[in-house]
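**Q** This is the structure I want to talk about, given as structure tokens.
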Amino acid sequence: MNNQVENSRMFKRGSALGYLEDEDRFLTARADPEFSFGVIGCGMMGQEHIYNALLVGRAKIGGLYDPAAKSIDAATRLIARNGQQEAPRIYASLAQAVADPDTDALIIATPNYTHIDVVRTVVGSNKALFVEKPIATTVADAFEVCQLAAAHSQPVRFGLQYRYKSVYAEALTEVFERRSVGRVHSVNMLEHRFPFLDKVQQWNKFSAYTGGTLVEKCCHYFDLMNLFAGGNPRQVFAVGNQAVNFHNFVYDNKKADGLDQAQLSIQYDNGVIGGFSLCMFTPGTREELVVCGDAGRVHASESARLGEANENRLEVWRGENAASSVRAPEYPSYITKAGHHGSTFFEHLSFVDELSGGVVSGPNLADGLWSVAVGAAAQLSIERGAAVDVAEVLPAGFDPAHWVKTNFQED
Ligand SMILES: NC(=O)c1ccc[n+]([C@@H]2O[C@H](COP(=O)([O-])OP(=O)(O)OC[C@H]3O[C@@H](n4cnc5c(N)ncnc54)[C@H](O)[C@@H]3O)[C@@H](O)[C@H]2O)c1
């Protein structure tokens, strides 16, 4: 952890001292990057990774691969604007990116349905891998991604970074370090937000490309719920539909089919119960996490009306057990603004720490798989109008005793 104000990125980023000679730089000196990343898929999320990798300052962007010229242009300009003088290589194919001997890791930020093929192609390489969420669009493919990752010679990381958002990171500290709620009995989450944004070739409007909204978007929330619940999800009942958004949206002669509202109940195998509410036609964004235990309640939220600033809030209610509190956990604004409320920055810090032989932290491979499994079970439950045993969507040969999620309960 970087705990020295002297090393703060605030000083290194400022341009006010741009006139200084290199020998006069101390607070503003930048270290040479230790790593070089190839970025596969340079759209919205690929660019967020580039920005954060450069902000963290321990990696340069060695190369880019994306068939869309505008994505490559935007990524190249972003790199130049953020202090990297050396232009990245532009690869003509994924094979070329894999063959580049000068990169240490590949960041895969392509559309969901492409992850499986990209991972199949890159696993032979001697490079660390970072695969965006959801790791695949089906549980079977997600399992294959996990198996390939487990056999890979270098670290593999999945993009489930919401656990690094300041409100959830603090909620994790309250629940698992301070034990503020005692034993956890229920976990409820809510995501109310605006519709899916435009994407390159609008892949996110079609379930065939996303895996369904509950896999695509909500794997983040299921990962958090799984983390706080501790046990494995056993049964899911969901209702939902395409209520408001994109009824008139046609692309390539296909009508948009993603659902935009849903409610879920989840039964965990350790008795914890979970609830989740999704609404994607809200004028603003609001996320909430409520964890109730036998000794207290933790309520974390992020909230912003359309076009307005976000407010973070964390309520810890401990009754007569200890002091209760309300606070607003925040990172420095230049970190918060770097994307997903600062969580992508901390995800990158933890990734480069692992690459340099430091602490291995962040989501494990099983976390990636279970987050997809809950989403797939929920999609199936909506189709059937009945509760679904999660075991039904898990692939043949899947052994839950082997694919163990992160469990802070046991620490
Ligand atoms: N972790 C998060 O919070 C978060 C947020 C948004 C998106 N995502 C994930 O990131 C991924 C990308 O989403 P996005 O929002 O950047 O989409 P996007 O459409 O903005 O960008 C995707 C890019 O990938 C390129 N591409 C498509 N197929 C490719 C291939 N085979 N090889 C290389 N490039 C290819 C496209 O041309 C495009 O430039 C998705 O899996 C999405 O779910 C994660």
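The values are calculated or read from the model by the stated rules, or taken from the named source; none is laboratory data. From a predicted model like this one, the values you see are computed outputs, not experimental measurements. Positions of Cβ are generated from backbone atoms using ideal geometry, with glycine treated the same way; all protein chains shown enter the neighbour counts. Side chains included, ligands, DNA and RNA excluded: accessible areas come from the protein's heavy atoms. Shrake-Rupley method; radii C 1.70, N 1.55, O 1.52, S 1.80 Å.
**Q** Do you know which residues across the stretch 180-205 are at positive phi, open to solvent by less than 70 Å² (accessible area, probe 1.4 Å) and among the polar types (S, T, N, Q)?
**A** Step one: of the stretch 180-205, the residues at positive phi are 182, 201-202.
Now restrict to residues that are open to solvent by less than 70 Å² (accessible area, probe 1.4 Å): 182, 202.
Within the stretch 180-205, GLN202 is the sole residue that qualifies.
**Q** When ALA238 is evaluated against the numbered criteria (1) within 21 Å of the chain's Cα centre (by Cα); (2) surrounded by 22 or more Cβ atoms within 10 Å (Cβ to Cβ), which criterion, by number, is the only one it fails?
**A** (1)
**Q** Additional query: Any idea how many residues of the stretch 115-136 are within 14 Å of the ligand (Cβ to nearest atom), open to solvent by less than 30 Å² (accessible area, probe 1.4 Å) and over 15 Å from the mean Cα position of the chain (by Cα)?
**A** Total satisfying the criteria: 4.
**Q** Still on this structure: Looking only at the stretch 91-101, decide whether some residue is closer than 30 Å to PHE143 by Cα, over 24 Å from the mean Cα position of the chain (by Cα) and more than 16 Å from the ligand (Cβ to nearest atom).
**A** Checked the stretch 91-101: at least one residue is closer than 30 Å to PHE143 by Cα, over 24 Å from the mean Cα position of the chain (by Cα) and more than 16 Å from the ligand (Cβ to nearest atom).
Listed here are the residues, each with its yes/no results for (1) open to solvent by 80 Å² or more (accessible area, probe 1.4 Å); (2) at pLDDT 90 or above; (3) more than 16 Å from the ligand (Cβ to nearest atom); (4) in the same structural domain as LYS133 (by TED's automatic domain parsing).
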site: SER15; (1), (2), (3), (4): yes, no, yes, yes
site: LEU20; (1), (2), (3), (4): no, yes, yes, yes
site: ALA29; (1), (2), (3), (4): no, no, yes, yes
site: PHE37; (1), (2), (3), (4): no, yes, no, yes
site: GLY41; (1), (2), (3), (4): no, yes, no, yes
site: GLU48; (1), (2), (3), (4): no, yes, no, yes
site: ARG58; (1), (2), (3), (4): no, yes, yes, yes
site: LEU64; (1), (2), (3), (4): no, yes, no, yes
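**Q** Further question on the same structure: Please work out which one of (1) hydrophobic (A, V, I, L, M, F, W, C); (2) touching a helix residue (DSSP H, G or I) at 6+ places or on another chain (Cβ under 7 Å); (3) free of Cβ contacts under 8 Å to residues at least 12 places away in the same chain is the condition VAL352 fails and give its number.
**A** The failed condition is (3).
**Q** Any chance you could count how many residues in the stretch 84-114 are open to solvent by 10 Å² or more (accessible area, probe 1.4 Å) and either of a type in the set (Gly, Ala, Ser) or under 30 Å from LEU380 (Cβ atoms) (or both)?
**A** Residues flagged as open to solvent by 10 Å² or more (accessible area, probe 1.4 Å) and either of a type in the set (Gly, Ala, Ser) or under 30 Å from LEU380 (Cβ atoms) (or both) within the stretch 84-114 amount to 10.
**Q** Right, another one. Taking the stretch 80-90, which residues are within 15 Å of the ligand (Cβ to nearest atom) and out of contact with any Ser or Thr (no Cβ under 7 Å at 6 or more places or on another chain)? Break it down into steps so the answer makes sense when it comes.
**A** Keep residues of the stretch 80-90 that are within 15 Å of the ligand (Cβ to nearest atom), which gives 88-90.
Scanning the stretch 80-90 gives ARG89, ILE90.
**Q** Give, as residue ranges, the helices (runs of 4 or more DSSP H) completely inside the stretch 312-411 that count at least 1 residues that are within 24 Å of GLU144 (Cα to Cα) and over 19 Å from the mean Cα position of the chain (by Cα). Quick ask: steps written out before the conclusion?
**A** On the way: elements: 333-336, 343-355, 365-384, 390-393.
By residue number, 365-384, 390-393.
**Q** Let me ask something else about it. Identify, from the list LEU197, LEU148, the residue that is within 25 Å of GLY63 (Cα to Cα) and either within 14 Å of the ligand (Cβ to nearest atom) or more than 17 Å from the chain's Cα centre (by Cα) (or both).
**A** On the way: LEU197 fails: within 25 Å of GLY63 (Cα to Cα).
Only one candidate passes the filter, namely LEU148.
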